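One structure is given below, encoded as structure tokens.
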Amino acid sequence: MTVLMPIGGNENHRRPLVLQEFVRRAGGEHADIVIFPQPSILVDTGKDYAALFLKLGARSARSLEFRTRAEACAEDFLAAVHSASGIFISGGSQMRLPALIGGTPLEAEVLDAYHRGVVVSGTSAGAAVMPKVMIAYGKGGPTPRERIAQFAPGLGLTDKIVFDQHFRQKDRLGRLLYLIASHPGLLGVGIDENTAAIMEDESSITVTGSGGITIVDGSEIESTNVAEVENGGAVAVSGIRIHVLTAGCSFDVSTRKANVPKLQLLCE
């Protein structure tokens, strides 16, 4: 089974339920985790996550520290990814990691690891970078507008879904609507902070964490003027579907149906 676990950023490290779920899925006390800190400019990011994952019970956690494409080809890094049960990508700027490993044997090793069942997680930029098409830059706002977002190639772990992060906190609905109006065959998933969208076999998504995810489904779009609007103008789109799902909810990617379980109410 393949598992992607994008996190919307700003995960709670004092009560790290979302990261604990990543460690559990990566093998718990048998988890061997490698961390890609490259999206961050902070020198201790990788070491801090390694220490946290060990505290959460992982057997091993190692940050792969490199900042050039030449370093990315080191056999030691390839071996570390090959033997990992979990891969974690830090936040920062999503452009940095593809620029460093795109087209290298290390990128191929990450893809191979994912397809053989290694759990891949990432927070903020680490979530955005996962798909074949990623949101590289953009602005906030509720209304889709021409050029509200710029797209770039990501790592290619999925070609069905696009992830956005800090979603409600930074008011990013407009840019996800713009992307899906531009290509209705993709599914847009905006993830709130301290929240994860756990995708299994590219067929189902479940939610965990304190916030929610916003799913933008363009498969039933009736009409849009996205190809004609210029100069940053507002984009019209009709027939788009939006789901807001919270912890315990799920979404079937193939049928585009959401499941919202009934809450268990306590008797007074």
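The values are calculated or read from the model by the stated rules, or taken from the named source; none is laboratory data. It should be emphasised that the depicted structure is a prediction, and the values quoted were computed from it without experimental measurement. Here the Cβ positions follow ideal geometry from the backbone for every residue, glycine too, while neighbour counts run over all protein chains shown. Surface accessibility is based on the protein's heavy atoms, side chains included, excluding ligands, DNA and RNA. Shrake-Rupley method; radii C 1.70, N 1.55, O 1.52, S 1.80 Å.
Taking amide hydrogens as placed 1.01 Å from N in the peptide plane, the amide H of V133 sits under 5 Å from those of G154, each at least 5 positions away in sequence or on another chain.
Within the straight-line cut-off of under 18 Å between alpha carbons, the lysines reachable from K170 are K139, sequence neighbours fewer than 8 places apart in one chain being disregarded.
Taking amide H positions as modeled 1.01 Å from N, with prolines and chain starts lacking one, the residues under 5 Å from Q38 and 5 or more places away or on another chain are S90. Check the straight Cα-Cα distances from K47 and name the lysines below 26 Å, setting aside those fewer than 8 residues away within the same chain. Excluding near neighbours in sequence, the set is K55. For V237, tell me the accessible area in Å² from a 1.4 Å probe, rounded to the nearest 10. Rounded to the nearest 10, the figure is 40 Å². Of L177, L245, L42, the residue with the greatest mean-square motion in the GNM of the chain, using alpha carbon springs below 10 Å, is L42. Extension gain, T246 to E220: 0.36 nm times the residue separation minus the Cα-Cα distance gives 7.0 nm.
Per residue, the accessible area of the stretch 32-173 comes to 42 Å², computed with a 1.4 Å probe over protein heavy atoms only.
Ignoring the sites themselves, the chain has its longest run without trypsin sites (Lys or Arg not before Pro) in a DSSP loop having at most 16 other Cβ atoms within 10 Å at 161-255.
Rg then Dmax, both in Å and based on the Cα atoms of the chain: 18.3, 64. Kirkwood radius for the stretch 1-159, taken over all pairs of different Cα atoms as the inverse mean of 1/r, rounds to 15.7 Å. Overall, the accessible surface of the stretch 1-112 at a probe of 1.4 angstrom is composed of carbon and sulfur to the extent of 55 percent. Count Lys and Arg as plus one, Asp and Glu as minus one, and take only other residues whose Cβ is under 13 Å from that of Q38; the net charge is then 0. Full extension of the chain segment joining E65 with S83 gains 4.8 nm, where the gain is 0.36 nm per residue of separation less the Cα-Cα distance. Its Cα gyration tensor gives the stretch 146-268 an equivalent ellipsoid; the semi-axes, largest first and in whole Å, are 27, 15, 15.
Rolling a 1.4 angstrom probe over the stretch 172-268 with all protein chains present gives an accessible area of which 49% lies on carbon and sulfur atoms.
Calculate the length of the line joining the C-alpha centroid of the stretch 245-264 to that of the stretch 154-177, in whole Å. So the separation of the two Cα centres works out to 19 Å. Using a 10 angstrom cutoff on alpha carbons, build the Gaussian network for the chain and name the most mobile of E21, E71, E200. Residue with maximal mean-square fluctuation among E21, E71, E200: E71. Structure remark: mean-square fluctuation, Gaussian network model of the chain, C-alpha springs under 10 Å; the largest value among D32, D76, D112 belongs to D76. Round to the nearest 0.05 the FRET efficiency obtained for S203 and R116 when R0 = 25 Å and r is the Cβ-Cβ distance. Approximately 0.90, to the nearest 0.05.
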